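First the structure, in the form of structure tokens, and then the observations on it.
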Amino acid sequence: MVEIAIVNRGSEFARVVALLDQFGKDHHLAPEIIADMHVALDEVLTNITKYAYTDNAEHEIHIRFRVLDNVLEAVIEDDGMPFNPLTIPPPDISSPLRDRSVGGVGIYFVARLMDDVAYERRGDTNYLILSKKTND
Amino acid sequence: MDLREEKIGEVSVVGVTGRIDSSTAPALEKRLTENLGAAQVRVVLDLSRLEYISSAGFRILLLAAKRADETGSRFVLCGVGGKVRQLFDLGGFLDLFTIVGAREDGIAAAQ
């Protein structure tokens with residue numbers, strides 16, 4: 001298992017990207033699996049930094065990666081407001097360009113790219129667990 | 001992410017290498033805003049060397065396509081394959097853009 005703590009700023013994401021790349025190499029994971037996890041993490045971390053905090057203070061976000069029983073797992077912990085992404089309805093992805101929103105697909109991507117997404121609120125902390133099978 | 005631009009006649013071809021995510025999307029936005037700043041321009045975005053794109057990147061592509069629509073410009077994507085095509089498909093984006101196969105097809109389609 002590897003772990004990293006970042007603060008809630010977009011400029012911090014590159015360190016998570018580098019860590020996941022290295023983790024993928026160390027565990028010989030397929031580039032497609034790692035790419036899916038990169039996209040899902042970008043969506044989750046973007047959401048947290050944009051929407052989770054009502055103050056302007058620095059907050060730590062903790063990210064852990066591990067592989068267990070052929071599943072790559074990322075656990076993201078933040079102390080922002082309670083937010084369960086599993087409750088967000090899917091976006092409209094069928095309207096033409098003119099009517100299409102330029103946002104709103106992030107959480108949908110997470111749900112579709114991962115094999116499992118679990119959420120828990122414990123005390124003041126959001127736990128989001130992203131799981132991706134490594135053998136398909 | 002690395003952007004490489006080439007001018008072929010009237011057509012600006014921008015090749016993207018690497019990843020488009022929330023960290024790199026602003027640089028792409030800046031480039032496409034410059035390219036599509038005038039009316040009736042022709043821009044091809046070559047995604048054949050793109051590894052993946054997150055929703056932050058799709059936002060920029062959608063803004064560019066809308067902008068091109070409004071200004072009578074052409075904004076063509078080429079080299080959309082593998083993982084990247086899968087992400088386009090997942091988000092329902094394949095029908096929103098003019099997407100062709102190879103770079104030469106992109107240049108032809110933009111002219």
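All of the numbers you see were taken from the coordinates with simple rules; none came from a lab. Since the structure is predicted, the reported quantities are computational estimates derived from the model, not experimental observations. Note that each Cβ is placed from the backbone with ideal geometry, even for glycine, and that neighbours are counted across all protein chains shown.
Annotations
- In the calculated pair-distance distribution of the stretch A:1-62, the portion above 13 angstrom amounts to 63 percent of the Cα-Cα pairs.
- One Cα centroid belongs to the stretch B:38-111, the other to the stretch B:1-31; the line between them spans 11 Å.
- The helix-based estimate of mean residue ellipticity at 222 nm for chain A, built from -39,500 (n - 2.57) per DSSP H run of four or more residues and divided by its residue count, is -10000 deg cm²/dmol to the nearest 500.
- Dipole in debye (nearest 20) - the protein assembly as shown, about Cα centre, beta carbon charges: Lys, Arg +1; Asp, Glu -1: 640
- Using distinct alpha-carbon pairs, which all enter the 1/r mean, Kirkwood radius of the stretch B:2-110 in Å: 13.5
- For residue B:8, neighbours were defined as the other residues whose beta-carbon sits under 12 Å from its Cβ, and their charges (Lys and Arg +1, Asp and Glu -1) total -2.
- Relative contact order of chain A, taken over Cα pairs closer than 8 Å and 6 or more residues apart, is 29 percent.
- Taking Cα centre as origin and charging only the Cβ of basic (Lys, Arg, +1) and acidic (Asp, Glu, -1) residues, the dipole magnitude of chain A rounds to 280 debye.
- Taking the inverse of the mean reciprocal distance over all distinct Cα pairs, the Kirkwood hydrodynamic radius of the protein assembly as shown comes to 18.9 Å.
- Across all directions, the shadow cast by the convex hull of the stretch A:2-133 built on its C-alpha atoms averages 8.9 square nanometres.
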